Amino acid sequence: MLIGLILVFVFWFHDHKAMSGDYTKLTIKRPDDTFELITDSEQINSIIQIINPNPRNIGKGLPWFSYELGSLIFENESGKEAVNYMVSTRNIHIKFGEVETGFSF
């Protein structure tokens, strides 16, 4: 039974979308407190499409809090959703690990 639960978690972790929704605004906040604002919904959707299907891992190397972090803040009328990205690895930090994106913001 334990092996079955582990397999279910692995399949869920691999296929789970890190981001979902229709967002109208994206704020990219860099560690040096500079930011970039994107309001083009096609560009925002393309960033989400890069994040969702990319490989994930359960954190390799240093713990995520040891990295220099920036933030991606997605907004729409119903609220905000934020994820952190690690500057040195260019990966998105999610609850259970990392999404390998190669972003260079």
Next item on the list: Could you figure out which of (1) at pLDDT 75 or above; (2) out of contact with any helix residue (DSSP H, G or I) (no Cβ under 6 Å at 6 or more places or on another chain); (3) under 18 Å from T101 (Cβ atoms) isn't true of P55?
Entry: (1)
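Kindly establish whether S104 is at pLDDT 75 or above and either part of a loop (DSSP other than H, G, I, E, B) or hydroxyl-bearing (S, T, Y) (or both).
Judged against the criteria, S104 is not a match.
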Check: If you go through region 38-52 one residue at a time, do you hit one that is assigned to a loop (DSSP other than H, G, I, E, B) and at pLDDT below 85?
Finding: yes
Margin query: Pull out all pairs, ordered by first then second residue, where Cβ-Cβ is under 7 Å, the residues are six or more apart or on different chains, the first lies in region 19-34 and is closer than 15 Å to F103 by Cα and without any contact (Cβ under 8 Å) to a residue 40 or more places away in the chain, and the second is assigned to a loop (DSSP other than H, G, I, E, B) and small (G, A, S).
Written below: none
Next item on the list: For residues that are modelled with pLDDT of 85 or more and either in contact with a Leu (Cβ under 8 Å, 6 or more places away or on another chain) or surrounded by 14 or more Cβ atoms within 10 Å (Cβ to Cβ) (or both), tally how many sit in region 64-81.
Entry: 8
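The values are calculated or read from the model by the stated rules, or taken from the named source; none is laboratory data. The structure presented is a predicted model; accordingly, all values stated were derived computationally and were not measured. Because the Cβ atoms are built from the backbone with ideal geometry, glycine has one as well, and the counts that use them run over all protein chains shown.
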